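Structure first, then comments.
The values are calculated or read from the model by the stated rules, or taken from the named source; none is laboratory data. Everything numeric here is computed off the predicted structure, so don't read it as measured data. Here the Cβ positions follow ideal geometry from the backbone for every residue, glycine too, while neighbour counts run over all protein chains shown. When the accessible area is computed, the model is the full protein with side chains, heavy atoms only, and any ligands, DNA or RNA have been set aside. Shrake-Rupley method; radii C 1.70, N 1.55, O 1.52, S 1.80 Å.
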Amino acid sequence: MDNIAAAPMVAIRGLTKAFGQVLAVNNLNLDIPRGSMYGFVGPNGAGKTTTLSMVTGMLRPDAGKVWVDGIDVWTDLAAVKAKVGVLPDRLRLFDRLSGQELLTYTGLLRGLDKSTVATRSADLLRTLGLEADAKKAVADYSAGMTKKIALACAVLHAPALLVLDEPFEAIDPVSARTISDILGAFVKDGGTVVLSSHVMDTVQRLCDHVAIIGQGQLLAAGTVEQVAGGLDLEERFIQLVGGAETHQELTWLRPS
């Protein structure tokens, strides 16, 4: 992409992906500014995960292009992956390793030297409240602990862009505050976060920009205030995605 210095951190043009007869992402165009905390939201089946998978190089699009930090994802995938930390939804980890071993393995795969891996791993385990469980197998971690060790793996190499799918799911309030602080400091220092979540309150509270997609198409994008348009973000979300105004009453659902 020309004029890299002025380019957004992520630029998406004409992104399209179909699975059989199902068009998951339909000619999507979106710019994600550098140094933003960017919410990426939509109803179930809207194409969020498919889009983020293509942005991070985990899924090849049928059409369209993505640039990350000015680099074409599918022209120089290795360079893009070096700049990106990813926390996919339902990520499968090498869970027979301990938390400490998993971080060490991840850091070495990322090309970090052993000393740097050891220092950063210790910092992350302590900060995320996993220090006492560092030598326990990840398979024995709770859902929240697993989410935190996966997040630690995503940030270990100090990427320029973090793409996080439901990073607060199963996380307790104390850990959620810690993670929010980490992400806020990362953005303040010039990093970019793309955060996908179904919890509109989280997006409205943490993010400065947001995009709403439905049926694989962009419905709205801009600052949170611009997209909300004077409404609560959840109300605006329901308005855009066409949520039902009335619901059939379940007359049979009564205590017996």
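Computed quantities for the displayed model
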read-out	value
Positions within region 79-101 being assigned to a helix (DSSP H, G or I) and within 23 Å of Ala160 (Cβ to Cβ), in sequence order	Ala79, Val80, Lys81, Ala82, Lys83
Residue satisfying all of: in region 170-187; free of Cβ contacts under 8 Å to residues at least 40 places away in the same chain and open to solvent by 60 Å² or more (accessible area, probe 1.4 Å); nearest to Pro88 (Cα to Cα) among these	Ala170
Hey, Leu28 open to solvent by less than 20 Å² (accessible area, probe 1.4 Å), modelled with pLDDT of 95 or more, more than 19 Å from Thr192 (Cα to Cα) and of a type in the set (A, V, I, L, M, F, W, C) or not	yes
Yes/no for Leu195 being among the hydrophobic types (A, V, I, L, M, F, W, C), in contact with a Cys (Cβ under 8 Å, 6 or more places away or on another chain) and closer than 19 Å to Lys148 by Cβ	yes
Looking only at region 193-231, and only at residues there that are of a type outside the set (A, V, I, L, M) and part of a loop (DSSP other than H, G, I, E, B), the one that is nearest to Val163 (Cα to Cα)	Ser197
Criterion (open to solvent by 60 Å² or more (accessible area, probe 1.4 Å) and modelled with pLDDT under 95) met by exactly one of Glu225, Glu245	Glu245
Test: residue in region 62-79 that is open to solvent by 40 Å² or more (accessible area, probe 1.4 Å), modelled with pLDDT of 95 or more and in contact with a Ser or Thr (Cβ under 8 Å, 6 or more places away or on another chain)	yes
Residue satisfying all of: in region 197-219; closer than 22 Å to Ile12 by Cβ and surrounded by fewer than 18 Cβ atoms within 10 Å (Cβ to Cβ); nearest to the chain's Cα centre (by Cα) among these	His198
Residues located in region 159-178, provided they are in contact with a strand residue (DSSP E or B) (Cβ under 8 Å, 6 or more places away or on another chain) and either assigned to a loop (DSSP other than H, G, I, E, B) or of a type in the set (D, E, K, R) (or both)	Pro159, Ala160, Asp165, Glu166, Pro167
Members of region 102-158 that are assigned to a helix (DSSP H, G or I), basic (Lys, Arg) and either more than 24 Å from the chain's Cα centre (by Cα) or surrounded by fewer than 20 Cβ atoms within 10 Å (Cβ to Cβ) (or both)	Lys114, Arg120, Arg126
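Let's see how each residue does on (1) more than 23 Å from Thr51 (Cβ to Cβ); (2) modelled with pLDDT of 95 or more:
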position: Lys83; (1), (2): no, yes
position: Arg92; (1), (2): no, no
position: Ser98; (1), (2): yes, yes
position: Lys114; (1), (2): yes, yes
position: Ala118; (1), (2): yes, yes
position: Asp133; (1), (2): yes, yes
